[in-house]
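**Q** Have a look at the structure that comes next, please.
The values are calculated or read from the model by the stated rules, or taken from the named source; none is laboratory data. None of the values given here were measured: they were computed from a predicted structure. Positions of Cβ are backbone-derived with ideal geometry, glycine not excepted, and every protein chain shown enters the neighbour counts. The protein model used for the area step is the full one, side chains on, heavy atoms only, and it has no ligands, DNA or RNA in it. Shrake-Rupley method; radii C 1.70, N 1.55, O 1.52, S 1.80 Å.
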Amino acid sequence: MQRSPKHILNNGASIDVLGFGVYKVPAEDCADLVSTALDTGYRTVDTAALYGNEEGVGAAVSRAVAAGTSREDIFVTSKVWNTDQGYDATLAAFDTSMDKLGLDYLDMYLIHWPCPEQDLFIPTYKALESLYHTGRVRAIGVSNFEESHLRQLLDACDVVPAVNQIELHPWLAQTELRALHAELGIATQAWSPLARGGILTDPVLLELAALHNRSVAQITLRWHVQSGHLVIPKASSEARIAENLAVFGFALTDTEMARIDALDRGLRSGSDPNKVN
Ligand code: NDP
């Protein structure tokens with residue numbers, strides 16, 4: 001069975017470098033798809049209240065645990081949605097997510113978007129800190145935070161986010177934000193690591209795929225891993241789920257990494273964090 005190496009977060013919690021994302025996985029398919037991922041060797045799953053499929057993720061985790069996998073070996077992330085920001089609303093949203101997941105504890109809880117116009121991410125994060133201190137969640141962090149949001153958060157809160165989950169792929173390299181994360185001890189987790197599939201036609205990546213006799217998805221995910229990103233590709237078939245995890249048995253050269261680095265063109269496939277509210 002393929003397995004991802006682990007990464008130790010800034011609070012000592014251990015997460016897989018490469019996990020499985022379930023955005024847009026229909027609720028009715030989610031349990032079986034996550035079971036396929038867990039059977040393939042994935043141990044980290046990324047969901048969110050928004051995705052409407054937390055029940056499926058929890059059911060797949062329960063099945064795996066019933067079949068002998070240690071719960072401690074699985075890492076589940078969920079996220080508080082924008083309409084639930086604020087201290088009390090976030091605590092209530094967490095309870096709702098936990099009811100759906102059916103888990104005793106959550107591995108990581110993130111603020112999904114900063115929503116700067118709402119100006120509630122600080123009380124929202126204070127709710128996450130309280131969940132963290134009571135042990136209901138083992139790590140807390142943020143998603144889609146830009147430098148200004150991170151600086152405001154760090155000025156007002158005590159627990160440095162373990163992760164900032166951001167859109168990141170060869171066409172959107174986020175160089176400055178990644179450098180800030182490194183300085184602050186925050187792990188960078190890449191969402192839409194394949195630019196929602198758009199990256200798979202890039203000519204440079206196609207050339208490198210042919211050279212290595214790997215798929216373009218594997219070249220892209222290998223670039224993420226060698227760049228030090230945590231990564232959570234989503235896929236809908238058993239073959240692609242397995243293919244995406246099989247990136248730990250080869251390496252890109254420094255020159256190849258530099259060629260992929262040079263593909264950055266600041267191109268988002270998702271929303272601008274300053275415009276989501
Ligand atoms: P990805 O970049 O992971 O791309 C997924 C797309 O690529 C799907 O269309 C999938 O097709 C296709 N694909 C995956 N693997 C392969 C392969 N080996 N060969 C060919 N095509 C492939 O996009 P996502 O937007 O899903 O991002 C990943 C995860 O990040 C999400 O599932 C979610 O967990 C998280 N996320 C977080 C966000 C946030 O705001 N925090 C925002 C967006 C995503 P198919 O499904 O048909 O197999």
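**Q** Filter the stretch 222-259 down to the residues that are of a type in the set (Phe, Trp, Tyr) and in a loop (DSSP other than H, G, I, E, B), then identify the one that is least open to solvent (accessible area, probe 1.4 Å).
**A** Just the residues of the stretch 222-259 that are of a type in the set (Phe, Trp, Tyr), to begin with: 223, 248, 250.
Filter again for in a loop (DSSP other than H, G, I, E, B), leaving 248, 250.
Details: Phe248: 60, Phe250: 27 Å².
Filtering the stretch 222-259 for residues that are of a type in the set (Phe, Trp, Tyr) and in a loop (DSSP other than H, G, I, E, B), the one least open to solvent (accessible area, probe 1.4 Å) comes out as Phe250.
**Q** Going through the stretch 92-146 one residue at a time, which ones are open to solvent by 40 Å² or more (accessible area, probe 1.4 Å) and within 18 Å of the chain's Cα centre (by Cα)?
**A** Those that are open to solvent by 40 Å² or more (accessible area, probe 1.4 Å) and within 18 Å of the chain's Cα centre (by Cα): Arg138, Glu146.
**Q** Considering only residues that are of a type in the set (Ser, Thr, Tyr), touching a helix residue (DSSP H, G or I) at 6+ places or on another chain (Cβ under 7 Å) and open to solvent by less than 20 Å² (accessible area, probe 1.4 Å), which ones fall in the stretch 56-91?
**A** Listed by number, the residues that qualify are Ser78, Thr90.
**Q** Here's another thing I want to ask about it. Can you tell me which of (1) farther than 22 Å from Gln226 by Cα; (2) open to solvent by 10 Å² or more (accessible area, probe 1.4 Å); (3) assigned to a loop (DSSP other than H, G, I, E, B) is the one Thr36 doesn't meet?
**A** Evaluating Thr36 over (1) farther than 22 Å from Gln226 by Cα; (2) open to solvent by 10 Å² or more (accessible area, probe 1.4 Å); (3) assigned to a loop (DSSP other than H, G, I, E, B) leaves (3) as the failure.
Matching residues to (1) within 13 Å of the ligand (Cβ to nearest atom); (2) more than 14 Å from the chain's Cα centre (by Cα):
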position: Pro26; (1), (2): yes, yes
position: Asp29; (1), (2): yes, yes
position: Leu33; (1), (2): yes, yes
position: Tyr42; (1), (2): yes, no
position: Arg63; (1), (2): no, yes
position: Asp73; (1), (2): no, yes
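**Q** Would you mind finding the one in Leu245, Leu221, Leu208 that is within 12 Å of the ligand (Cβ to nearest atom) and under 17 Å from His169 (Cβ atoms)?
**A** Leu221
**Q** Take the stretch 192-220 and flag every residue that is at negative phi, aliphatic (A, V, I, L, M) and surrounded by 15 or more Cβ atoms within 10 Å (Cβ to Cβ). Even if it seems obvious, please write down each step before you answer.
**A** Taking the stretch 192-220 and keeping what is at negative phi, we get 193-194, 198-212, 214-220.
Those still in the list that are aliphatic (A, V, I, L, M) too: 194, 199-200, 204-206, 208-211, 216-217, 219.
Once the filter is applied, which keeps residues that are at negative phi, aliphatic (A, V, I, L, M) and surrounded by 15 or more Cβ atoms within 10 Å (Cβ to Cβ), the stretch 192-220 yields Leu194, Ile199, Leu200, Val204, Leu205, Leu208, Ala209, Val216, Ala217, Ile219.
**Q** Next question. If you check Arg259 against the conditions, is it within 12 Å of the ligand (Cβ to nearest atom) and farther than 17 Å from Ser4 by Cβ?
**A** Numbers: within 12 Å of the ligand (Cβ to nearest atom): no; farther than 17 Å from Ser4 by Cβ: yes.
So Arg259 fails the test.
**Q** Which ones in the stretch 168-186 are open to solvent by 20 Å² or more (accessible area, probe 1.4 Å), within 14 Å of the ligand (Cβ to nearest atom) and either acidic (Asp, Glu) or farther than 15 Å from Ser143 by Cα (or both)?
**A** Scanning the stretch 168-186 gives a single hit, Trp171.
**Q** Ok, one more. Mind telling me which of the residues Gln165, Gln189 ends up being in a strand (DSSP E or B), touching a His at 6+ places or on another chain (Cβ under 8 Å) and buried (at least 17 other Cβ atoms within 10 Å of the Cβ)?
**A** On inspection, the qualifying residue turns out to be Gln189.
**Q** Moving on. Scan the stretch 80-109 residue by residue and report those that are in a helix (DSSP H, G or I) and touching a His at 6+ places or on another chain (Cβ under 8 Å).
**A** Hit for the stretch 80-109 is Asn82, nothing else.
**Q** Say we look at the stretch 1-33 and pick out the residues that are hydrophobic (A, V, I, L, M, F, W, C) and assigned to a loop (DSSP other than H, G, I, E, B); which of these is surrounded by the most Cβ atoms within 10 Å (Cβ to Cβ)?
**A** Looking at residues that are hydrophobic (A, V, I, L, M, F, W, C) and assigned to a loop (DSSP other than H, G, I, E, B), I get Val22.
**Q** State yes or no: is Ser236 within 23 Å of Ile186 (Cα to Cα) and within 15 Å of the ligand (Cβ to nearest atom)?
**A** Considered against the rule, which asks whether it is within 23 Å of Ile186 (Cα to Cα) and within 15 Å of the ligand (Cβ to nearest atom), Ser236 comes out as no.
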